[in-house]
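Structure record follows, encoded as structure tokens.
Where a number appears in this text, it was derived from the coordinates with a stated rule and is not lab data. Model, not experiment: these values are computed from the prediction. Here the Cβ is made from the backbone with ideal geometry for all residues, glycine too, and neighbour counts use every protein chain on show.
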Amino acid sequence: MKRIIVAVDGPAGTGKSSVSRQAALEMGLRYIDSGAVYRSITWYVLQRDKKMNGEFRFTNDIAELTIEQEFLRDGCCKTFVNKIEVSDFIRDETITKNIGILSDNRDVRDFVNRLLRRWSREGSVIMDGRDIASVVFPHADVKIYLDASIETRTQRRMKEYREMGKNVDENVVKKEIIQRDEQDRNRPFGALIRSDDAVYVDTSLLSREEAVERMKEIIQRTVSPIDSGLCRMRPYGQRYP
Ligand code: DC
């Protein structure tokens with residue numbers, strides 16, 4: 001049975017996860033959120049050591065951590081750590097603040113990459129992240145790099161804050177986005193790279209629906225209709241242990 005891997009990379013705030021999720025849903029593929037895996041490990045480590053103090057050591061209990069992800073029919077992607085649902089907890093700002101310590105760690109990256117590759121063997125997937133096309137799946141069937149201008153990403157983030165009822169300074173948000181890009185591009189392992197063979201999509205002037213259509217077109221163009229028909233297997237509600 002032919003299975004396909006669609007690797008989607010790009011900086012934070014380009015709509016990778018919401019566009020990939022919707023495209024996966026409409027095409028009957030599974031969506032895997034690799035950022036949520038890094039967030040989950042950070043959550044687990046912070047549960048045990050609230051301060052972390054910029055230090056982290058990869059231990060046996062992390063090597064044996066059970067992380068599962070479930071992609072539901074409504075497009076929701078749930079993440080579980082040792083059977084506990086952490087989908088909401090991992091969006092907390094403390095996670096975002098501390099995640100760099102773990103996502104820069106080579107052992108953590110190796111652990112996550114092994115997990116992501118194992119999940120991909122279960123069926124056809126759309127997976128998003130920073131190094132999916134470059135490191136995790138250099139031979140992915142389809143590679144897409146989603147981008148958007150700093151201004152657009154700032155406005156999108158501001159909208160999210162407003163919806164959460166938070167009043168945040170626009171310049172601070174913009175500065176944070178620029179800093180995060182710097183970190184993502186310059187980390188020692190798994191840095192954000194635009195692969196030469198990835199299709200570049202600038203979502204700055206696209207609505208979410210337009211970006212989804214664009215992603216679907218790219219996938220359909222690259223993968224033959226027969227293949228994409230064949231990959232419509234067990235698309236929903238599948239948990240990946
Ligand atoms: O996509 P996100 O914001 O949920 O990602 C959270 C963090 O994890 C972000 O700082 C980048 C990092 N990440 C990574 O290093 N490699 C990936 N494949 C995905 C995310």
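For the set Lys2/Lys159; Lys2/Lys216; Lys97/Lys216; Lys50/Lys143, the pairs lying more than 30 angstrom apart at their alpha carbons are Lys2/Lys159; Lys97/Lys216; Lys50/Lys143. Only Lys, Arg, Asp and Glu carry charge here, each on its Cβ (+1 for the first two, -1 for the last two); on that basis the stretch 16-62 has a dipole of about 100 debye about its Cα centre.
Take the Cα of Thr59, step 7 Å toward its Cβ, do the same at Glu182, and the gap between the two points is 3.3 nm. If only the Cβ of Lys and Arg carry +1 and only the Cβ of Asp and Glu carry -1, the dipole of the stretch 51-185 around its Cα centre is close to 120 debye. Here the scattering of the stretch 1-136 is modelled by Debye summation over its C-alpha atoms, one equal scatterer each and no solvent; at q = 0.11, 0.16, 0.18 Å⁻¹ the log10 of I(q)/I(0) is -0.38, -0.81, -1.03.
Each peptide in 139-152, 30-43, 173-186, 55-68 gets a packing score, the mean of other Cβ atoms within 10 Å over its residues, and the list from highest to lowest is 30-43, 139-152, 173-186, 55-68. Label zone (Arg208, point 7 Å along Cα-to-C-beta; backbone nitrogen cut-off 19 Å) within the stretch 156-188: 156-166. Of all DSSP-defined beta bridges confined to the chain, some 35% are antiparallel rather than parallel. Put simply, the Cα atoms of the stretch 95-144 extend 32, 21, 17 Å along their principal axes, the longest span coming first. Per-residue packing, averaged as other Cβ atoms within 10 Å, sorts the ranges 10-23, 88-101 into the order 10-23, 88-101, beginning with the highest. Here the dipole of the chain is about 420 debye; that uses its Cα centre as origin and unit charges on the Cβ of Lys and Arg (positive) and Asp and Glu (negative).
What length, rounded to one decimal in nm, is gained on full extension from Glu160 through to Asp197, with 0.36 nm per residue of separation minus their alpha-carbon distance?
10.1 nm
Could you compute how fast the chain diffuses translationally, taking Rh as the Kirkwood radius over C-alpha pairs and applying Stokes-Einstein at 25 °C with viscosity 0.890 mPa s? Give it in µm² per second. After rounding, the answer is 134 µm²/s. Taking 0.36 nm per residue of separation and subtracting the current Cα-Cα distance, fully stretching the chain between Arg118 and Lys83 would add 10.8 nm.
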